[in-house]
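**Q** Supplied in structure tokens, the structure appears directly below.
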Amino acid sequence: LKFNMCNLNTSYIKNSQIEDLHQIISLYISPELQYSAQYWAYHLVKISNFNEMNYNQTLPKLLVTFTTIYWIECLSLLGKLRFGLRCIQQLQAWFKITTIYVHDLCNFMTKFYTPILESTPHIYLSALPFSPRHSIIFQKCSAMIQNRVKIVKNSLSWNVTNMTIAADDTTCIVFQPQNDTLYLGSDEGSIKANGHAITIWDLSTGQQLCQPLSYHTSEISSMIIAPKEQYLISGSHDATVIVVEVWNIQAAQCIFGPFVCHTSPIRAISVSPDSRQIITSGEDGTIRTWNTQAML
């Protein structure tokens, strides 16, 4: 890990515009380093006989150093910045408490996720210079940049708002904490030509994970994740229910429906703890249960 580890000769283009980037990466970043950069925290938290108290005192301070910035550079080049956030989240869970070092690094990667992912040099050109002056990462790492942009008036601390997602006419929201996934149901849909849609987002990065899922013909009124977390179930004002398989979000697809459940709009939807029954409530004054085993 080092500064400009792939010897990029310009900072004026995006990563996607770099010719033969894949070959450049294979030349400068070994397969072992690629794997370690993405999964080191996963293996670290599996250590069972480590002196936890000593580790809690030393590791967090090592997270906000020049080497950490070079690690982020590596992830940016690989297009795997999301795995870096996963590493930090795993450490947060492992430490039981969020240290100021871990919190600062998480803020840095979240706030500047898009520019860092799209253009590796912007770690140094914009992310570090625009970090709050009182943040640990700015104080410890901004000196590594020669001739950097100097911000005359910058914020002193991280903003309370982590991110803003532009979502048209959102009518219902479901959050899946296990993988920081956010499901949005809409009135008009993100792509209006496709009608009313479900969009799926990575809440840690603010990135949309797949194309909108457009199966309903009217406003999506209710959604729920089945307890086994493999299925998203949604109900709509068109009186239908759909079941979407979401264990592999990039390949999310409807596996049942749209199925007409009521004679008027669906207002609420739930699912039994064993995922064997879906319960729906409609404006027709009825509550109905449905056998998921017959559906799937």
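**Q** All but one of (1) more than 24 Å from L75 (Cβ to Cβ); (2) under 19 Å from the mean Cα position of the chain (by Cα); (3) at pLDDT 85 or above hold for A167, so report the exception by its number.
**A** It fails just one condition, (3).
**Q** Let me ask something additional. Quick one: in the stretch 11-23, which of the residues that are free of Cβ contacts under 8 Å to residues at least 24 places away in the same chain and not charged (D, E, K, R) is least open to solvent (accessible area, probe 1.4 Å)?
**A** So the first thing to find is which residues in the stretch 11-23 are free of Cβ contacts under 8 Å to residues at least 24 places away in the same chain, and the list is 12, 17-20, 22-23.
After this cut, where a residue has to be not charged (D, E, K, R) as well, the list is 12, 17-18, 22-23.
Working: Y12: 201, Q17: 115, I18: 32, H22: 141, Q23: 104 Å².
Here the answer is I18.
**Q** Counting only residues that are closer than 22 Å to H43 by Cβ and among the basic types (K, R), how many does the stretch 83-128 have?
**A** Keep residues of the stretch 83-128 that are closer than 22 Å to H43 by Cβ, which gives 83-99, 101-102, 105-106, 109.
Within this subset, residues satisfying the condition of being among the basic types (K, R) are 86, 96.
So the answer is 2.
**Q** As an exercise: evaluate A294 against (1) of a type in the set (A, V, I, L, M); (2) in a strand (DSSP E or B); (3) farther than 26 Å from T110 by Cβ and give the number of the one condition it does not meet.
**A** (2)
**Q** Sticking with this structure for a sec: Given the conditions (1) open to solvent by less than 30 Å² (accessible area, probe 1.4 Å); (2) of a type outside the set (G, A, S); (3) under 28 Å from E19 (Cβ atoms), report the number of the one that C87 does not fulfil.
**A** Only one criterion is unmet by C87, namely (3).
**Q** Looking only at the stretch 237-255, how many residues end up being open to solvent by less than 20 Å² (accessible area, probe 1.4 Å) and out of contact with any Gly (no Cβ under 8 Å at 6 or more places or on another chain)? Explain how you work it out, then say what you get.
**A** Within the stretch 237-255, the subset open to solvent by less than 20 Å² (accessible area, probe 1.4 Å) is 239-244, 246, 249, 252.
Add one more test, that the residue is out of contact with any Gly (no Cβ under 8 Å at 6 or more places or on another chain), and what stays is 244, 246, 249, 252.
Of the residues in that region, 4 qualify.
**Q** Would you confirm whether any residue within the stretch 230-251 is over 30 Å from P115 (Cβ atoms) and touching a Leu at 6+ places or on another chain (Cβ under 6 Å)? I'd like the intermediate steps shown before the answer.
**A** Here is the first cut: in the stretch 230-251, the residues over 30 Å from P115 (Cβ atoms) are 230-245, 247.
Imposing the further condition that a residue be touching a Leu at 6+ places or on another chain (Cβ under 6 Å) reduces the set to 244.
Yes, the stretch 230-251 contains a residue that is over 30 Å from P115 (Cβ atoms) and touching a Leu at 6+ places or on another chain (Cβ under 6 Å).
**Q** If you don't mind, another one. Name the residue that is most open to solvent (accessible area, probe 1.4 Å), counting only residues in the stretch 214-236 that are over 22 Å from D169 (Cα atoms) and over 20 Å from the mean Cα position of the chain (by Cα). So that I can check it myself, show each step before the final result.
**A** Filtering the stretch 214-236 down to residues over 22 Å from D169 (Cα atoms) leaves 226-231.
Narrowing further to those that are over 20 Å from the mean Cα position of the chain (by Cα): 226-228.
Working: A226: 3, P227: 61, K228: 146 Å².
The residue in question is K228.
This table checks each residue for (1) closer than 17 Å to V174 by Cα; (2) open to solvent by 50 Å² or more (accessible area, probe 1.4 Å).
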{"position": "G257", "(1), (2)": "no, no"}
{"position": "T263", "(1), (2)": "no, yes"}
{"position": "R267", "(1), (2)": "yes, yes"}
{"position": "S272", "(1), (2)": "yes, no"}
{"position": "I278", "(1), (2)": "yes, no"}
{"position": "G285", "(1), (2)": "no, yes"}
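**Q** Can I ask one more? For residues that are without any contact (Cβ under 8 Å) to a residue 24 or more places away in the chain, of a type in the set (A, V, I, L, M) and assigned to a helix (DSSP H, G or I), scanning just the stretch 94-144, find the one that is surrounded by the most Cβ atoms within 10 Å (Cβ to Cβ).
**A** Only one residue tops the list, namely A127.
The values are calculated or read from the model by the stated rules, or taken from the named source; none is laboratory data. Since the model is a prediction, treat every value here as computed from it, not as a measurement. Ideal geometry is used to build each Cβ from the backbone, glycine not excepted, and the neighbour counts take in all protein chains shown. All accessible areas refer to the heavy atoms of the entire protein, side chains included, with ligands and DNA or RNA removed. Shrake-Rupley method; radii C 1.70, N 1.55, O 1.52, S 1.80 Å.
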